[in-house]
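Remarks on the structure that follows.
The values are calculated or read from the model by the stated rules, or taken from the named source; none is laboratory data. None of the values given here were measured: they were computed from a predicted structure. Cβ sites come from the backbone with ideal geometry, for glycine too, and all protein chains shown count toward neighbours.
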Amino acid sequence: MSESAAQKIGAQTTSTAAQPSGNRMKLHARVAVLKHVVTPLLQAMAEVKNANKENPQTPTPEEEAQTLGTLVEGAMALSKATTENFNESGGAIEDSVRWMIVHAATQTVAARYRATGAVIAAEEAVNIAKTTFEIKEKFQSQAVAQGESVPNTLGVFRARMLEALVPVVNAVAQYSFGRAEHLLLAQVAERLLKTADHVTRSLAPAGCTPKDWRLLCWSVLLAAGYLYSDCHFAEADRLLYMDKEERDVYFKEHDNMPPLHFVWQSFDQRMAMLATLITYLDVPESARLDEQQME
């Protein structure tokens, strides 16, 4: 991605809200671009490349850089069009809300690239944004009331909970171990939330603010969702590659509903390892920004 593209994103997403100044502002912008734009697009490119690994015409680093730049431009176009449709008054938008729009736009562009290998054009971005706005109009009962702060912290946390559970939904949708999908999903989600709450309570420092606690809990839940989906697919693969006669007997013994104790055993072990690892790791000096008192 070119420097100009990164600068455009930073300008687009920070110009209307109160921001830190100097080096801290630059650092915040670069971290946000890396997290919300560059990383999701690079992941999509890697998946497409892996799916086409039999293709003898492997893209060169220069071609990959050009593709990344094109994807960034598509994400910028969709983000800009969406912001304009949702913010008709042209008023200031908080950074957290603005970055949510950028994140959603980037995920949309990445998903389109995974499915088709094509990038959303500017004209298509405008049409998608208009459609999104029309959908929003159908959910006025969920709109923020006049005078209510944006974003509502609890509402944001719920949105992040949904994001963290996406890998779980995908895993259950692909294989539900003979159970009703909605029942299994509810069971898994409840257990993951309880696990995230327990781990967060053990890791949260004394005097942690509610906002910081929610951020830590969301991060733990995000990790839990990925770990569970990995354990879920590992058990599904174990059953798939089991000897057919052995598998038939196993399923018959359990009325075609294989138990999940192997899934949860593996998940609990990995979460325990993660929680233990975090307690032993020290924060790098380069991450102690508050202590450095950057201007």
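Residues in segment 214-260 that are in a helix (DSSP H, G or I) and among the acidic types (Asp, Glu) were compared, and the one that is nearest to ARG191 (Cα to Cα) is ASP230.
The set of residues in segment 251-276 that are on the phi > 0 side of the Ramachandran plot and either of a type outside the set (D, E, K, R) or within 23 Å of the chain's Cα centre (by Cα) (or both) contains only ASN256. Scan segment 204-216 for residues that are surrounded by 11 or more Cβ atoms within 10 Å (Cβ to Cβ), without any contact (Cβ under 8 Å) to a residue 40 or more places away in the chain and not small (Gly, Ala, Ser) and the total you get is 5.
Within segment 89-131, how many residues are crowded, with 19+ Cβ neighbours inside 10 Å, among the hydroxyl-bearing types (Ser, Thr, Tyr) and farther than 19 Å from ASN50 by Cβ? Going through segment 89-131 one residue at a time, the tally reaches 2.
Quick grid of which residues meet (1) in contact (Cβ under 8 Å) with a residue 60 or more places away in the chain; (2) within 19 Å of THR67 (Cα to Cα); (3) touching a Cys at 6+ places or on another chain (Cβ under 8 Å):
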position: ALA92; (1), (2), (3): yes, no, no
position: GLN107; (1), (2), (3): yes, yes, no
position: ALA111; (1), (2), (3): yes, yes, no
position: ALA121; (1), (2), (3): no, yes, no
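Residues checked against (1) in the same structural domain as ASN52 (by TED's automatic domain parsing); (2) touching a strand residue (DSSP E or B) at 6+ places or on another chain (Cβ under 8 Å); (3) at pLDDT 80 or above; (4) among the acidic types (Asp, Glu):
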| residue | (1), (2), (3), (4) |
| --- | --- |
| GLU94 | yes, no, no, yes |
| TRP99 | yes, no, no, no |
| THR106 | yes, no, yes, no |
| THR116 | yes, no, no, no |
| VAL126 | yes, no, no, no |
| ALA129 | yes, no, no, no |
| PHE133 | yes, no, no, no |
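Mind checking whether some residue in segment 33-48 is surrounded by fewer than 14 Cβ atoms within 10 Å (Cβ to Cβ) and more than 28 Å from VAL156 (Cα to Cα)? There is at least one residue in segment 33-48 that is surrounded by fewer than 14 Cβ atoms within 10 Å (Cβ to Cβ) and more than 28 Å from VAL156 (Cα to Cα).
Evaluating GLY69 against the criteria (1) at pLDDT below 85; (2) closer than 13 Å to VAL38 by Cβ leaves one unmet condition, (1). Being modelled with pLDDT of 90 or more, under 22 Å from ASN170 (Cβ atoms) and in contact with a Ser or Thr (Cβ under 9 Å, 6 or more places away or on another chain) is true of MET271.
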